[in-house]
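Report on one structure; see the data block that follows.
Any read-out appearing in this document is the output of simple, stated calculations on the displayed coordinates, not a laboratory observation. Everything numeric in this text was worked out from a predicted model, so none of it was measured. Heads up, the Cβs are rebuilt from the backbone with ideal geometry, glycines too, and the neighbour counts pull from every protein chain shown.
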DNA sequence: TATGCGTGGTT
DNA sequence: TAACCAAGCAT
């Protein structure tokens, strides 16, 4: 593969990521900051276990911590082990998901629990490859669970870490739209050698991005590495690059799906077609959205035109 | 690689 | 007040 413009644009100076470079001071500074400032989140407590970590990671995919907290607590109380969730219909997972958004995650978490019960004796696997094979688990989540729950050494590259590295190392206000090979390479180069430290580094860099090095209004005065931050040293230049397009929502199928599913979720039994028809005026889009929910396995059609959450 | 996929708080 | 943003994944 030839070097692309993007690769060149995201190249990191040799003095920052040269192979074998020692980043001990950086690791120490960030991890010490984490020890002093980390939030006390339930999935970080020892009693959460690997299942707690996995549940939290699913819920935190694109959903803020504050909204996850109450649902997480109820979820773990009801389904303390993967097999407990696997024993229930997937519709119960969708219902318990509530308004966290992206309800396909609930379906995938249920599927992951079933796979864990069947293939792994009911225990969340510790191997990255086995985690990655579970529904709803991608590169980030596999690395996060292996790192946080099992103390393994992985590059954990989420949106927070990408932003921290973009600023502190690459000198840009924001990372590229899509994760690049250069970002992955940099993340790997910065992982501490020792596994236990690597796991703390992963959590610490994420926390720094979540609390201090935020997307809007970063609080550089509070940042432990502001003095070494490439973006700060460059004078905090504004982001240059393709517009980071924000997703529209109003009037989309997603909005219609959300309304349809809300009715199903809040209803104990089957919902007649007529009740669903009331959530959206435009019949073609309404039917398309409902079809999509059915084909996604989020909704089950019944004889006679009624619908319900899946019973399987 | 670009797109679809929810929801609600913040600026 | 729209736009932005939030621990991504699957296709």
Exposure proxy check: A:238, A:300 ranked by fewest other beta carbons within 10 Å? A:238, A:300
Report the rotationally averaged projected area of chain A based on its alpha-carbon convex hull, in square nanometres. 18.5
In nanometres, what is the gap between the two model label sites at residue A:274 and residue A:139, each 7 Å from Cα along Cα-to-Cβ? 5.2
Footprinting exposure proxy for A:54, A:59 (fewest neighbouring C-beta atoms within 10 Å first): A:59, A:54
Region A:22-89 and region A:239-299: distance between their alpha carbon centers, rounded to Å: 29
The ratio Rg/Rh over the Cα atoms of region A:34-147, Rh being the Kirkwood inverse mean 1/r radius, stands at 0.94
With angles folded into 0 to 90 degrees, how steeply does helix A:65-78 sit against the dominant principal axis of chain A? Use alpha carbons for both and round to 10. 60
Rg over Rh of region A:113-237, using C-alpha atoms and the Kirkwood radius, what does it come to? 1.04
Let me know the Kirkwood hydrodynamic radius for region A:253-301, please, with Cα pairs as the basis and the value in Å to one decimal. 10.6
Which residue, A:279, A:191, A:53, has the most motion in a Gaussian network model of chain A that connects Cα atoms within less than 10 Å? A:279
Residue A:32 paired with residue A:181, simple spin-label distance in nm, labels 7 Å along Cα-to-beta-carbon: 3.8
Summing -39500 (n - 2.57) over every DSSP H run of at least 4 in chain A, dividing by its residue total and rounding to the nearest 500, the 222 nm mean residue ellipticity is -15000 deg cm²/dmol
Cβ density ranking, 10 Å radius, fewest first, applied to A:220, A:213, A:229 yields A:220, A:229, A:213
With the calculation restricted to Cα positions, what are the radius of gyration and Dmax of region A:225-312 in angstrom? 21.6, 67
